[in-house]
Structure formats: C-alpha cells, structure tokens
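Asks: Below: one structure in structure tokens.
The values are calculated or read from the model by the stated rules, or taken from the named source; none is laboratory data. This structure is a prediction, so every number in the text was calculated from the model and none was measured. Virtual Cβ from ideal backbone geometry, glycine too; neighbours counted across all protein chains shown. Accessible surface is based on the protein model in full, side chains and every heavy atom, while ligands, DNA and RNA are left aside. Shrake-Rupley method; radii C 1.70, N 1.55, O 1.52, S 1.80 Å.
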Amino acid sequence: MLSRKIILTEDGSATIHLEEWNESYHSKHGAVQEAYHVFIRNGLDFFKENSELSILEIGFGTGLNALISFLEISETHQKINYTGLEKYPVVENEFKALNYPQSLKDFNSDLKLSETEISAVYNSLMKANWEDFQAIHPNFQLQKFQEDFLEYEYPKEAFDLIYFDAFGARVQPELWTEELFEKLFQSIKSGGMLTTYSSKGSVRRALISVGFRVEKRPGPPGKREMLIAFKD
C-alpha cells in the first residue's frame, strides 16, 4: 500500500496525500469546500424532495462525503441509505488526525450539532463494520464494502445518486473507463445521477457512450469545471 501523509488544504481542512503518486484524497485547494461543492450542491441537493435516498460512493476514503451528507439531512425527515466502497480503508489514527468535526464547524457556522456530536457520528461512520447495513442515526444507514471498484457486484437500479470520488485518471486510468461507467449506469435508478470532480474530455465521452446525459458545471476552487451525469 502507498504511504499516506496528512496535509492541510487551502480552506484549513486536512486531507491525505499519497506522496508516490503526488495525489490527494481531496483537493489541495480545500477538502471541505470541494466536498460541499461537488457532492452536495451538485449532487445531494438535486434530491431534496425525496423522502428516502440511496447513495453509492466510489471511494469512501476519509468518510468526509458521508459525514457531510449526514449533516445535510440531520435536521430534516429525509432518510439516506449510504453504500461506500473502499479498497484501502483509512485507519483510526489517520481519520482522527484529519479533525473534520472541527473543520466542518469552522466552515459552516450554521451547523446545529456540536463538535462533540459530529465527532461521535464520524467515529461511527469510520468504525462501522464492513458489509452490514448499520443505523448511524434513525435517518442514516451505512453499508461499507472493502472491495475493488471493478470487481464489486453492483446491484441493478439500486441507487439514486452516485458520488464518484476515485483517484484521478492520471494515476488510476482504469477507473475512468466505459467498463466501470457501464456498471454504474446499470446500478442507477431511472432519473438518478452521478457527480464527480473530474472534467476530462475522455471521462465525459465515456459517460456519454454508456448512456448518461452529461452536463458540465463550474468546478470547486482550483478547478474550472466538473461533470454531472443523468440517467434519464
């Protein structure tokens, strides 16, 4: 496994950096603000009218996207069934060093949960058993699988929303191809969508080729554009 180092990003939140690849789990321009921009504002917010929502995350990683998704619905009656795939899980000393509960309180002063309460939820997310659906909260169920993204058996028409947060195509090109996107297209319900930080032309063409309707959106800080893809 590649060596991992905790680094600070430009919005004051931390991420994990893989030095051999010169690749980070989140944007160096801001881990928290990237997560909000790509996966919440250009993903979860499209489903505010859904009483219940199934999300698949490709690259569970630090758990940041799952944690923010929980915080977004913690004051509502919306329910989320969240499935996360991760081949190389982040270990306890790493996720505690990231200190996301404090970063999230600093970033979003409107959060009603205390830092202690957010920490308890984050610990539950990260320490949850693999493969079993577990109730992190009455409105948030989590199921994690420690599997290769290309080998996982994706259920058909199971998810409303996919967070595609794999490492970049520069270091893992095999994850940004028609082979995987076809599996994801089949696993999304009609009317569902996929969101990703990537804006590469090859990624857009691969998504279109398997049936997605793709739109470019303004990217998070440090990126001009990003992609969202709909299964109409």
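Asks: Calculate the tail of P(r) for the chain: the fraction of all Cα-Cα distances greater than 27 Å, expressed in %.
Replies: The answer is 27 percent, as a whole percent.
Asks: I need the P(r) histogram for the range 1-89: all alpha carbon pairs, bin width 5 Å from 0 out to the longest distance, whole percents.
Replies: 3, 13, 23, 23, 17, 11, 7, 3, 1
Asks: I would also like to ask the following. Taking a cut-off of 14 Å, what percent of all Cα-Cα pairs in the range 23-68 are separated by more than that?
Replies: 54 percent
Asks: Per the 1.4 Å probe, what fraction of the accessible area of the chain, in percent, lies on carbon and sulfur atoms?
Replies: Here it works out to 45 percent.
Asks: Which residue fluctuates most in the GNM of the chain (Cα springs below 10 Å): ASP148, ASP110, ASP132?
Replies: Highest fluctuation of the listed residues: ASP110.
Asks: Follow-up question, since we're still on this one. Rank ASN108, ASN65, ASN42 by mean-square fluctuation in a GNM of the chain with C-alpha springs under 10 angstrom and give only the top-ranked residue.
Replies: With Cα springs under 10 Å in the chain, the top fluctuation among ASN108, ASN65, ASN42 is at ASN108.
Asks: Turning to a different aspect of this structure: Hey, could you pull the Cα Rg and Dmax for the range 110-232, both in Å?
Replies: When restricted to the Cα atoms of the range 110-232, Rg and Dmax are 16.4, 46 Å.
Asks: What's the extension gain from HIS77 to GLU179 if we count 0.36 nm per residue and subtract their Cα-Cα distance?
Replies: 33.1 nm
Asks: Mind checking the log10 I(q)/I(0) for the range 94-174 at q = 0.12, 0.14, 0.17, 0.25 Å⁻¹? Debye, one equal scatterer per Cα, no solvent, two decimals.
Replies: For the range 94-174, the Cα-only Debye profile gives -0.52, -0.70, -0.98, -1.27.
Asks: Moving on to the next point. Determine the gain in length on full extension of the stretch LYS105-LYS28; use 0.36 nm per residue of separation and subtract their C-alpha separation, reporting nm with one decimal.
Replies: Result for the pair: 25.8 nm of gain on full extension.
Asks: Here is a further query. Send over a whole-number figure in Å² for the accessible area per residue of the chain, probe 1.4 Å.
Replies: 45 Å²
Asks: How long is the gain from ALA97 to MET1 if the chain were fully straight, where each residue apart is worth 0.36 nm and the alpha carbon distance is subtracted?
Replies: 32.6 nm
Asks: Take the Cα radius of gyration of the range 82-126 and divide it by 2.2 N^0.38 Å, with N its residue count; two decimals is plenty.
Replies: It is 1.25.
Asks: Using a/c under 1.5 as the rounded threshold, could you call the range 167-224 rounded, prolate or oblate? The axes a ≥ b ≥ c are square roots of the C-alpha gyration tensor eigenvalues, and prolate needs a/b larger than b/c, oblate otherwise.
Replies: oblate
Asks: To continue, here is another question. Check which residues have an amide H placed less than 5 Å from THR83's amide H, if you skip close sequence neighbours.
Replies: ILE55, LEU56, GLU57, GLN143
Asks: Could you pull the Cα extents of the range 48-148 along its three principal axes, largest to smallest, in whole Å?
Replies: Cα extents, longest axis first: 37, 33, 18 Å.
Asks: Given the options GLY168, GLY61, GLY192, which has the most mean-square fluctuation in a GNM of the chain, springs set between C-alpha atoms less than 10 angstrom apart?
Replies: Its mean-square fluctuation being the largest, the pick is GLY168.
Asks: As a test, work out the antiparallel percent of DSSP beta bridges whose residues both lie in the range 113-232, rounded to the nearest 5.
Replies: Beta bridges within the range 113-232, antiparallel portion: roughly 70 percent.
Asks: With +1 on each Lys and Arg Cβ and -1 on each Asp and Glu Cβ, how big is the dipole of the chain about its Cα centre, in debye rounded to the nearest 20?
Replies: Rounded to the nearest 20 debye, it is 560 debye.
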